[in-house]
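Just below is one structure, and these are the notes that go with it.
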Amino acid sequence: MASLKEVKTRIASVNNTRKITSAMKMVASSKLHHAQHAIERMRPYEKKLNGMMSAFVASLEGEVSSQFSVERKIERVALVVFSSNSSLCGGFNGNVIKQMRQTIEDYRAQGIEVAHLYPIGKKVTEAAKKMNFSIEKELSEILDKPQYAPIAALSAELMRQYSAKEIDRVEILYHHFKSAGSQVLTTEQFLPVKLEVMESTSGISDYIIEPSLQKMIENLIPKALHLKLYSAMLDNLASEHAARVIAMQVATDNADELLRELTLQYNKTRQQAITAELLDIVGGSLQ
């Protein structure tokens, strides 16, 4: 059985760890509040823009054509993968890295080359380097201060590569934020764009569009793609902070449970020591 000093040292150590995890939970909760507010403000714009495009597509006669919606034989693909810059967020990073490896293996099994990999986040960047991918540009700093311009620049580069036929498909891997307790690992096709008509779309036949509906759609597609990638980043940030809140809460609960067990062990050990001393005193007085 451990001595009183050893148990007391462990209690102090666990108590210090509990203070750290509790503080990290509060910090993550604050960041989650801001990230959740940002994605909730962004979603109405994304929904409205998608609704406008769907209405335009529904109002066009014949097939809608765009250089970013052309389906062609897939030989080269690009992946945009979001993770976090720091750890202590449960299986958040491990899950997305595992999905990235599985996606790459699936493409290679089909004879398709993963020509470009754009990791956004230090954890997935480290994993990509271990897989011998050459990282053309470090994008992890985007997550520290999320802004629209760097993401729009990346989106524009992907669109340029697709229109130049350097790649045939672009997919994004990220965690979709549903709630503070639910984050869904998601794989979405970024390019080519799927121009679909939403069931709730009623059309815009009462409006006059200048110069034309086709031209309007061509102008809206780049904006929609920029916004889609930016929304994915905000989704991923909110998911990261939510995962960290849960992980730190679990760690704090485990520390509380361990403190109760150690305190009980300390009291039992102390009681045994006192009882042994009393027996020694009584035994000595009887002699």
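So for the range 254-262 (the condition being closer than 30 Å to GLN147 by Cα and in a helix (DSSP H, G or I)), does at least one residue qualify? Scanning the range 254-262 turns up no residue that is closer than 30 Å to GLN147 by Cα and in a helix (DSSP H, G or I).
Out of ALA273, ALA247, I need the residue that is farther than 26 Å from LEU154 by Cα, in contact (Cβ under 8 Å) with a residue 60 or more places away in the chain and surrounded by fewer than 17 Cβ atoms within 10 Å (Cβ to Cβ). Which one?
Every option except ALA273 fails the conditions.
Checking each residue in the range 107-121 for being farther than 13 Å from ALA78 by Cα and surrounded by fewer than 20 Cβ atoms within 10 Å (Cβ to Cβ) picks out ALA109, GLN110, GLY111. Of all residue pairs spaced 6 or more apart or on separate chains, those with beta-carbon atoms under 7 Å, a first member in the range 174-185 that is within 11 Å of ALA243 (Cβ to Cβ) and a second member that is surrounded by fewer than 17 Cβ atoms within 10 Å (Cβ to Cβ) and among the hydrophobic types (A, V, I, L, M, F, W, C) are HIS175/VAL184; HIS175/LEU185. Show the residue pairs that are 6+ apart or on different chains and have beta-carbon atoms under 6 Å apart, the first residue being within the range 145-168 and under 17 Å from LEU117 (Cβ atoms), the second being in a helix (DSSP H, G or I) and aliphatic (A, V, I, L, M). Final answer for the pair search is ILE151/LEU229; ILE151/MET233; SER155/LEU225; SER155/LEU229. Of the residues making up the range 152-169, none is β-branched (Val, Ile, Thr) and closer than 18 Å to LEU237 by Cα.
Within the range 215-241, restricting attention to residues that are of a type outside the set (Ser, Thr, Tyr) and in contact with a strand residue (DSSP E or B) (Cβ under 6 Å, 6 or more places away or on another chain), which residue is farthest from ILE120 (Cα to Cα)? This residue is ALA238.
Every residue, every condition in (1) surrounded by 14 or more Cβ atoms within 10 Å (Cβ to Cβ); (2) under 19 Å from the mean Cα position of the chain (by Cα); (3) assigned to a helix (DSSP H, G or I), yes or no:
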position	(1), (2), (3)
VAL7	yes, no, yes
ARG18	yes, no, yes
HIS33	no, yes, yes
HIS37	no, yes, yes
ARG41	no, yes, yes
PRO44	no, no, yes
SER54	yes, no, yes
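Note on the range 3-31: among residues that are aliphatic (A, V, I, L, M) and in contact with a helix residue (DSSP H, G or I) (Cβ under 7 Å, 6 or more places away or on another chain), the one that is nearest to ALA276 (Cα to Cα) is LEU4. Being in contact (Cβ under 8 Å) with a residue 12 or more places away in the chain, among the charged types (D, E, K, R) and on the phi < 0 side of the Ramachandran plot is a property that holds for GLU113.
Quick one: would you say ALA247 is closer than 25 Å to ALA23 by Cβ and in contact with a Cys (Cβ under 7 Å, 6 or more places away or on another chain)? It is true that ALA247 is closer than 25 Å to ALA23 by Cβ and in contact with a Cys (Cβ under 7 Å, 6 or more places away or on another chain). Within the range 3-34, the residues that satisfy the criterion of being of a type in the set (A, V, I, L, M) and in contact with a Ser or Thr (Cβ under 7 Å, 6 or more places away or on another chain) are LEU4, VAL7, ILE11.
Residues checked against (1) hydroxyl-bearing (Ser, Thr, Tyr); (2) under 22 Å from HIS176 (Cβ atoms); (3) in a helix (DSSP H, G or I):
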position	(1), (2), (3)
PRO211	no, no, no
LYS215	no, no, yes
LEU225	no, yes, yes
ALA242	no, yes, yes
ALA251	no, no, yes
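Which one is surrounded by the most Cβ atoms within 10 Å (Cβ to Cβ), of the residues in the range 123-166 that are of a type in the set (Gly, Ala, Ser) and within 30 Å of SER66 (Cα to Cα)? My answer is SER155.
Yes/no per residue for (1) under 17 Å from GLN36 (Cβ atoms); (2) at pLDDT below 95; (3) under 14 Å from the mean Cα position of the chain (by Cα); (4) buried (at least 17 other Cβ atoms within 10 Å of the Cβ):
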| site | (1), (2), (3), (4) |
| --- | --- |
| GLU171 | no, no, no, yes |
| LYS178 | yes, yes, yes, no |
| MET198 | no, yes, no, no |
| LEU213 | no, yes, no, yes |
| ASN219 | no, yes, no, no |
| LEU225 | no, yes, no, yes |
| TYR230 | yes, yes, yes, yes |
| ALA238 | yes, yes, yes, yes |
| TYR266 | no, yes, no, yes |
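The residue that is modelled with the highest pLDDT, among those in the range 65-90 that are β-branched (Val, Ile, Thr) and surrounded by fewer than 18 Cβ atoms within 10 Å (Cβ to Cβ), is ILE74.
The values are calculated or read from the model by the stated rules, or taken from the named source; none is laboratory data. Here the structure is a predicted model, which is why all the values come from computation and not from measurement. Glycine also receives a Cβ, built like all others from the backbone with ideal geometry; neighbour counts cover every protein chain displayed.
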